[in-house]
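The values are calculated or read from the model by the stated rules, or taken from the named source; none is laboratory data. These numbers were taken from a predicted model, which means no experiment stands behind them. Cβ sites come from the backbone with ideal geometry, for glycine too, and all protein chains shown count toward neighbours.
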Amino acid sequence: MKYFPTFLFFAGLLSAQPYDLVLKGGHVIDPANSIDGVMDVAVTGDRIARVAAGIDAAGARKVLDVKGYYVTPGLIDLHAHECGYSGSIFPDDSALLAGTTTIVDAGGPGWRSFDDCKARVIDKAQTRVLVFLNIVGHGMLGPKIEDNVEDMDPQKTAAKIKENRDIIVGIKTAHFGRPGWAAIKNAIEAGRLADAPVMIDDKIFSNTGRTSREKLLDIMRPGDIQTHMFNDRQVEIVDRFTGKVQPYAVEARKRGVLFDLGHGAGSFLWPVASKAMAQGFPPDTISTDLHANSIMLPESDMPNCISKMMLLGMTLQDAIARSTVNPAKVIKRFPELGTLGEGRVADIAVFELREGVFAFKDAWHKKRLGSRKLECVLTVRGGKVAHDANGLGYPEWTSAGEYEVIE
Ligand SMILES: [Zn+2]
């Protein structure tokens with residue numbers, strides 16, 4: 001009882017503190033906390049202060065009416081390209097417009113180039129940028145460099161991860177064009193040394209000597225991630241002759257191997273995705289593989305990826321889970337990220353779910369028409385409004401203020 005009055009004093013101070021931002025009346029979807037209904041979200045500083053119906057917003061510095069919109073945790077894009085790859089896009093230019101507040105660079109830099117990427121991109125971005133470090137020391141610099149087994153050093157890769165745990169969340173192997181398992185095995189060895197997951201992007205053509213079955217059942221560990229899951233040259237989850245989901249893919253999922261969308265410019269194919277979804281084999285995580293090409297014609301940003309999954313039968317609630325709490329868990333950042341839990345960082349996305357007739361394109365430039373399209377209207381990153389498409393936080397212009405001279 002001795003500390004009770006002190007506690008009351010601080011509790012009083014907290015409740016008296018005005019909120020900095022209140023999002024009023026939106027439909028909140030926070031799968032980590034089983035929230036799916038109309039509620040308000042209050043922010044103090046860079047943290048979520050409260051999520052509840054009918055929050056008293058009196059005295060709040062900014063109140064935004066988000067009635068009719070969906071409010072979710074800021075999206076986490078597990079596979080994108082910000083640095084070290086020729087098609088990299090500066091993260092703020094693409095992510096924040098799409099409601100993505102955390103973007104994971106999938107293997108742009110290796111241990112040799114990470115510091116340069118950190119200084120030039122990661123430290124300068126408002127978006128939170130995390131990294132899967134390429135097993136190749138020089139990173140994703142094209143076939144000759146990415147095929148160089150001599151530059152795959154598990155020890156140096158693991159050492160770089162241990163020095164930068166705040167940013168580096170795993171290892172990536174990609175585009176290895178030679179036969180055999182050297183790239184994947186070196187990446188997994190680095191993962192073992194650093195206790196970190198490995199994201200795998202590789203071809204299974206006959207001349208590589210690699211098969212989906214061996215990769216998924218014998219080589220990958222529980223917690224490792226097969227990206228580009230709907231690209232049948234990367235992993236054959238749907239048997240190309242029978243159209244059935246491979247029993248070994250189901251078995252791999254049971255043993256903890258994870259499957260990531262990784263849309264990109266070549267990895268979301270209607271024939272594979274629709275068959276897998278119809279047979280109950282959705283992605284564990286929805287991600288874009290966003291780069292200079294995929295952002296254009298196939299439009300692989302997160303809201304479009306979610307809309308495409310909804311067209312294939314996934315609910316919005318499920319798609320949000322696979323874009324927030326699921327990726328946060330994969331990179332071991334839950335509950336720090338991926339939730340609107342009270343006290344967590346105030347990374348928030350607000351979406352309009354439009355109804356109409358919309359064209360959704362796959363990587364083979366075939367389109368399907370869908371009736372619902374998710375569009376980001378507002379993004380809050382660390383408690384600050386970073387994107388406001390509909391001007392929800394803007395006062396109306398009046399002619400009285402025209403050519404006002406500000407001394
Ligand atoms: Zn990629």
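Values computed for the structure shown
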{"quantity": "Among the residues listed as V385, V330, V325, the single one being out of contact with any Lys or Arg (no Cβ under 7 Å at 6 or more places or on another chain), over 23 Å from D284 (Cβ atoms) and among the aliphatic types (A, V, I, L, M)", "calculated": "V385"}
{"quantity": "L23 vs. criteria more than 16 Å from the ligand (Cβ to nearest atom), within 20 Å of the chain's Cα centre (by Cα) and among the aliphatic types (A, V, I, L, M)", "calculated": "no"}
{"quantity": "Residue identified as outside any loop (DSSP other than H, G, I, E, B), within 20 Å of S94 (Cα to Cα) and among the small types (G, A, S) among S307, S294, S300", "calculated": "S307"}
{"quantity": "Where R213 falls short, out of the listed (1) closer than 30 Å to S88 by Cα; (2) touching a Phe, Trp or Tyr at 6+ places or on another chain (Cβ under 7 Å); (3) basic (K, R)", "calculated": "(1)"}
{"quantity": "Pairs with Cβ under 9 Å, 6+ apart, first in region 366-380 and over 16 Å from L75 (Cβ atoms), second assigned to a strand (DSSP E or B) and among the small types (G, A, S)", "calculated": "K367/A359; R368/A359; L369/A359; G370/A359; S371/G356; R372/G356"}
{"quantity": "The lone exception for Y85 - which of (1) in a strand (DSSP E or B); (2) more than 30 Å from V22 (Cβ to Cβ) it fails", "calculated": "(1)"}
{"quantity": "Hey, L216 in a strand (DSSP E or B), in contact with a helix residue (DSSP H, G or I) (Cβ under 7 Å, 6 or more places away or on another chain) and closer than 24 Å to G266 by Cβ or not", "calculated": "no"}
{"quantity": "Leading residue by the ranking (surrounded by the most Cβ atoms within 10 Å (Cβ to Cβ)) among those in region 324-339 that are in a loop (DSSP other than H, G, I, E, B) and in contact with a helix residue (DSSP H, G or I) (Cβ under 7 Å, 6 or more places away or on another chain)", "calculated": "T324"}
{"quantity": "Which numbered condition G142 misses (of (1) modelled with pLDDT of 95 or more; (2) within 15 Å of the ligand (Cβ to nearest atom); (3) among the small types (G, A, S))", "calculated": "(1)"}
{"quantity": "Of residues in region 275-297 being farther than 17 Å from S323 by Cα and buried (at least 19 other Cβ atoms within 10 Å of the Cβ), the one farthest from the ligand (Cβ to nearest atom)", "calculated": "K275"}
{"quantity": "Single residue of region 252-274 satisfying the filter (more than 10 Å from the ligand (Cβ to nearest atom) and either modelled with pLDDT under 95 or assigned to a helix (DSSP H, G or I) (or both)) that is surrounded by the fewest Cβ atoms within 10 Å (Cβ to Cβ)", "calculated": "K254"}
{"quantity": "Matching residues in region 141-177 - criterion: being within 12 Å of A196 (Cα to Cα), of a type in the set (D, E, K, R) and without any contact (Cβ under 8 Å) to a residue 40 or more places away in the chain", "calculated": "K162, R165"}
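Results for (1) out of contact with any Pro (no Cβ under 9 Å at 6 or more places or on another chain); (2) in contact (Cβ under 8 Å) with a residue 60 or more places away in the chain, shown as yes or no for each residue.
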{"site": "P31", "(1), (2)": "no, yes"}
{"site": "I35", "(1), (2)": "yes, yes"}
{"site": "M39", "(1), (2)": "yes, no"}
{"site": "R47", "(1), (2)": "yes, yes"}
{"site": "A52", "(1), (2)": "yes, no"}
{"site": "D56", "(1), (2)": "yes, no"}
{"site": "A60", "(1), (2)": "no, no"}
